[in-house]
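Each remark here refers to the structure printed beneath this line.
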Amino acid sequence: MRIATGILSRVFGLFWFVFGLNGLFHFFPIPAPADESAYFMQALARSGYALPMIYGTEVAAGLMLLLGGWKPLALLVLAPITANIVLYDAVLNPSGLGLGIAVALIHAFLLWRSRAAYAPLLQCQC
């Protein structure tokens, strides 16, 4: 199981790294969003910082997963992005919900396998 988890985390890291780079440099086409979701994406793009920050975070966290040394940190950093992908698909792009759920399930599995690293974060220091 440990080897499978290592392979899955590297593949997951490659996913984030490649799609983050694509968001920054557009080396393969991204389908145009549907009407409602287009407004959301335009708002992010017009802010001037949101999309580059999101894609840069994806690249950095993907690289951390690929290198393997910072897997728990990378998974924590990617958690809000994964949640946003699922919510975006559920509310604005239902046709993409399958991919969003697949990403969330892989992410949840990898978080679960790294749960020992998060134990100190969940202890009260009262």
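The values are calculated or read from the model by the stated rules, or taken from the named source; none is laboratory data. Everything quoted here is computed from the prediction, not taken from an experiment. Note: ideal-geometry Cβ built from the backbone for every residue, glycine included; neighbour counts use all protein chains shown.
Worth pointing out:
- Exactly one residue among Gly56, Gly68 is at positive phi, in contact (Cβ under 8 Å) with a residue 24 or more places away in the chain and among the small types (Gly, Ala, Ser), and that residue is Gly68.
- Residues (within 18 Å of the chain's Cα centre (by Cα) and not in a helix (DSSP H, G or I)) located in the range 36-52: Tyr49
- The number of residues in the range 11-33 that are part of a loop (DSSP other than H, G, I, E, B) and either closer than 15 Å to Ala60 by Cα or touching a residue at least 40 places away in the same chain (Cβ under 8 Å) (or both) comes to 1.
- Residue count for the range 47-105, restricted to those that are among the hydroxyl-bearing types (Ser, Thr, Tyr) and surrounded by 18 or more Cβ atoms within 10 Å (Cβ to Cβ): 2.
- Candidate set: the range 11-46, residues that are closer than 26 Å to Leu73 by Cβ and among the aliphatic types (A, V, I, L, M); chosen: the one surrounded by the fewest Cβ atoms within 10 Å (Cβ to Cβ): Val11
- Residue under evaluation Leu8, criteria (1) in contact (Cβ under 8 Å) with a residue 40 or more places away in the chain; (2) crowded, with 16+ Cβ neighbours inside 10 Å; (3) in a helix (DSSP H, G or I), criterion not met: (2)
- Selection of first residues in the range 77-90 that are farther than 16 Å from Leu111 by Cβ and modelled with pLDDT under 95 and of second residues that are loosely packed, with under 13 Cβ neighbours inside 10 Å and not hydroxyl-bearing (Ser, Thr, Tyr), restricted to Cβ pairs under 9 Å at least 6 apart or on distinct chains, gives the following pairs, ordered by first then second residue: Asp89/Gly98.
- Answer residue from the range 16-55, given it is in contact with a Phe, Trp or Tyr (Cβ under 9 Å, 6 or more places away or on another chain) and of a type in the set (S, T, N, Q) and is nearest to Leu66 (Cα to Cα) among those: Asn22
- Any pair with Cβ under 7 angstrom, 6 or more apart, that starts in the range 100-126 at a residue that is of a type in the set (Gly, Ala, Ser) and ends at one that is at pLDDT 95 or above: Gly100/Ile85; Gly100/Val86; Ala104/Thr82; Ala104/Val86; Ser114/Lys71; Ser114/Pro72; Ser114/Leu75; Ala117/Pro72
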